[in-house]
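Below is one structure, written out as structure tokens; comments come after it.
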Amino acid sequence: MSRVTHGPDRRVVAVVVTFNRLPLLQRLIARLGETDGVDEVLVVDNASTDGTGAWLAKTPTTGEIPLLSRTLDHNRGGAGGFHDGLAWAIDRDAGLVWLMDDDGLPERECLSRLLDHDYDFWGPLVVDESDPTQLVFPMRLPGSATVVRDLAGARERASSGVLADTVIPFNGVLVTSELVDRIGLPREEFFIWGDDVEYLWRAREAGARVATVTDAVVLHPSVGDLGTPMMWGRTTYNH
């Protein structure tokens, strides 16, 4: 497998979308400040009412990494947040955009392990932080009826540490600026429903190289702990 050479055209910008989860956001921002390879962090605040905007306004860095934020005038959901955040990152000359919600926590080596690989749209395994042997979001393997639900099963089915042509979008995924140029931004009108699935479909239709790197891991609260389950347990609505 080819390795990525990360030059000036591969500036890594992390984009975080948040809504009323300040403690989880603070945890994530601290972790990003400890993560090698992040050049800048952009936070899109979906009009939170829990003090998120005030905290962001007085937090210009995380570690030595610049932290920029913008608060939307109303809650536009994850779809609107990622639409704006991805456009913002591209405007700031990102070569790679690392997309995530506020509730995930990448392991410290997550980004470096992703950057060991060369794809267009690729990400980590997302595991239950209360039981890291289990995946938070079951993964159906392309071309089969097999659904992988645990870490060991995912790694057993990987080839050279990679599950090809499948990924859980917007939970620590990397997307290249070239792919964004080809397929555009997430559809903001989806609000909280299906924007990630539609974006993955669009990437595949465009011939993007899609993958999950099985030694890269993001910890995530159990879906049932975060709100009302939707999309067959793939996501929740945060009240």
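Since every read-out is calculated from the coordinates, none of them should be taken as a lab result. These numbers were taken from a predicted model, which means no experiment stands behind them. Cβ: placed from backbone, ideal geometry, glycine included. Neighbour counts: every protein chain shown.
Label sites at residue 73 and residue 222, each approximated as a point 7 angstrom past Cα along Cα to Cβ, lie 4.1 nm apart. Amide H to amide H distances under 5 Å link residue 40 with 14, where only residues 5 or more positions off or on other chains count and H is placed in the peptide plane. By the beta-carbon count within 10 Å of each Cβ, the least crowded to most crowded order of 176, 71, fewest first, is 71, 176. Residues whose amide H falls under 5 Å from that of residue 136, counting only those 5 or more places apart or on a different chain, are 126, 127, 128, with hydrogens built in the peptide plane.
Once you have a ≥ b ≥ c as the square roots of the Cα gyration tensor eigenvalues for region 95-211, tell me rounded if a/c is under 1.5, and otherwise prolate or oblate according to whether a/b is larger than b/c.
rounded
Here the chain carries DSSP beta bridges of which approximately 50% are antiparallel, counting only pairs with both residues inside. Using a/c under 1.5 as the rounded threshold, could you call the chain rounded, prolate or oblate? The axes a ≥ b ≥ c are square roots of the C-alpha gyration tensor eigenvalues, and prolate needs a/b larger than b/c, oblate otherwise. Note, shape of the chain comes out rounded. Per-residue ellipticity at 222 nm, computed for the chain from helices alone with -39500 (n - 2.57) per DSSP H run of at least four residues, works out to -7500 deg cm²/dmol. Neighbour counts of other Cβ atoms within 10 Å put 29, 65 in the fewest-to-most order 65, 29. Per residue, the average separation of C-alpha pairs within less than 8 Å and at least 6 apart gives the chain a relative contact order of 23 percent. Picking from 34, 107, 156, which is most flexible by a Gaussian network model of the chain using Cα springs under 10 Å? Between 34, 107, 156, it is 156 that shows the largest mean-square fluctuation. Considering only 160, 16, 65, the residue lying farthest towards the positive end of the dipole of region 8-237 is 160, judged by Cα position with unit charges set on Cβ. Whole-Hz Karplus values for region 111-126 come out as 5, 4, 6, 5, 6, 6, 10, 10, 9, 9, 8, 8, x, x, 6, 10 Hz, taken residue by residue from phi with 6.51 cos²θ - 1.76 cosθ + 1.60 and θ = phi - 60°; glycine and proline positions read x. For region 19-76, applying the loop criterion from DSSP together with a ceiling of 16 other beta carbons within 10 Å to the trypsin sites (Lys or Arg not before Pro) yields 58.
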